[in-house]
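Inspection log for the structure reproduced underneath, given as structure tokens.
Values in this text are rule-based calculations from the coordinates and carry no lab data. This structure is a prediction, so every number in the text was calculated from the model and none was measured. Every residue, glycine as well, gets a Cβ built from its backbone with ideal geometry; the counts of neighbours run over all protein chains shown.
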Amino acid sequence: MRAAVLQLSSQGMSSTKLYNYIRIANKKGVKLLLLGEYILNPFFKEIQSMSLSMIKEQATHQIKILKELSSTYNMTIVAPIIIVKKKNLYKTIAKFAPASTSYYEQQILINYTHWNEEKFFANELKPLQTPLVFKIDGFKFGVISGFELHFDEIFQKLQNKNIDCLLVPSVSTFDSYDRWKALITTRAFTHNYYILRANRIGEYQEKDFKWHFYGDSILVSPNGELLTHLGNKEELMIVDMSHSDVVSSRRTWGFKEAINKRSLL
């Protein structure tokens, strides 16, 4: 399976870079393209001061463009996007496939004093459900948000889905570089599947404080090995993944088998 991460800053209403990079990815045989959080929309702090009509206009425009690009280039595009329903804002991850579009409503949102998405967005607080899972040419993907990567309960919902790769769009900032890399490599190893993480780049100035989004989009193997990563610049990262490597890793380590034995007792 050939996939790609497009590492960008917020694009707002602009679609030029999306067009250009998707054409390049298509020529390289990419089947799936992943974007980071707050690329199709401005960063959370900026959205808080925007009107509903502007947010809706941006989302409608970007959804239309990505549907067209997915259909034209026969490529699945996974991208976080803020949508408006009945005057409420919802934080979602959209999957634009050539013949259909589906949305995963983020289940666990950041709720810190300085960054409270849970309070701002209308995402329903309810028992956890299985995240979005889908196949491309027999290769199975799961999708969660970056913040949801921290919760064991989310991974329990994916336990029996036999995914090959977990897609994780994120918006990591501050001094979290090493912590995120350790978390992703550990999750990939203990669950024996690829994790493809897309992080955004750019900056947001809040009074005298600057939020710096450092990139470092990465691919980690089912054995927990860091296979490739980007720096802190605008880039397209193309990666190849193998279902047979996932199967081999699970057989070698036997983590899933150990749990399955005990579930029958």
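Taking the helices alone, the chain has a mean residue ellipticity at 222 nm of -9500 deg cm²/dmol, built from -39,500 (n - 2.57) per DSSP H run of at least 4 residues and averaged over all its residues.
Going from the residue with the fewest nearby Cβ atoms within 10 Å to the one with the most, TYR193, TYR177 rank TYR177, TYR193. Please compute, over every Cα-Cα pair in the range 2-263, the percentage with a separation greater than 34 angstrom. Cα-Cα pairs of the range 2-263 separated by over 34 Å account for 13 percent.
Evaluated at q = 0.16 Å⁻¹, the base-10 log of the normalised Debye intensity for the range 93-134, with identical point scatterers placed on the Cα atoms, takes the values -0.53.
Compute the angle between helix 243-253 and the longest alpha-carbon principal axis of the chain, please, reported from 0 to 90 degrees and rounded to the nearest 10. The answer is roughly 60 degrees.
In the elastic network of the chain, a GNM with C-alpha springs shorter than 10 Å, the most mobile of LEU125, LEU69, LEU166 is LEU125. SER70 sits among other residues whose Cβ lies under 14 Å from its own Cβ, and their net charge, with Lys and Arg +1 and Asp and Glu -1, is +4.
Just to confirm a number: summing +1 for Lys and Arg and -1 for Asp and Glu over residues other than ILE144 whose beta-carbon lies under 13 angstrom from that of ILE144, what do you get?
Details: positive: LYS91, LYS95, LYS157, LYS161, ARG187, ARG197; negative: GLU37, GLU105, GLU148, ASP152, GLU153.
Surrounding charge for ILE144 is +1.
Helix 177-191 versus the longest principal axis of the chain: what angle, 0 to 90°, nearest 10, using Cα atoms? For 177-191 against the chain, the angle is about 40 degrees.
Dipole magnitude for the chain: about 740 debye, using +1 per Lys or Arg Cβ and -1 per Asp or Glu Cβ, origin at the Cα centre.
With the highest mean first, a sort of the peptides 85-91, 198-204 on other beta-carbon atoms found within 10 angstrom per residue produces 198-204, 85-91.
Positive contributions from Lys and Arg (+1) and negative ones from Asp and Glu (-1), summed over other residues with Cβ under 13 Å from the Cβ of SER15, come out at +3.
Mean-square fluctuation check for the chain, GNM, Cα pairs under 10 Å: which of HIS114, HIS212, HIS229 is largest? Highest fluctuation among the options: HIS114.
What does the C-alpha gyration tensor say about the overall shape of the range 120-265? Classify as rounded when a/c is under 1.5, otherwise prolate if a/b is larger than b/c, or oblate.
Working: a/c = 2.12, a/b = 1.51, b/c = 1.40.
Prolate, since a/c reaches 1.5 and a/b exceeds b/c.
On a C-alpha basis, how far is the centre of the range 234-264 from the centre of the range 138-214 in Å? Whole number, if you could? Value for the Cα centre distance between the two parts: 17 Å.
The residues PHE151, PHE213, when put in order of fewest to most other Cβ atoms within 10 Å, stand as PHE151, PHE213.
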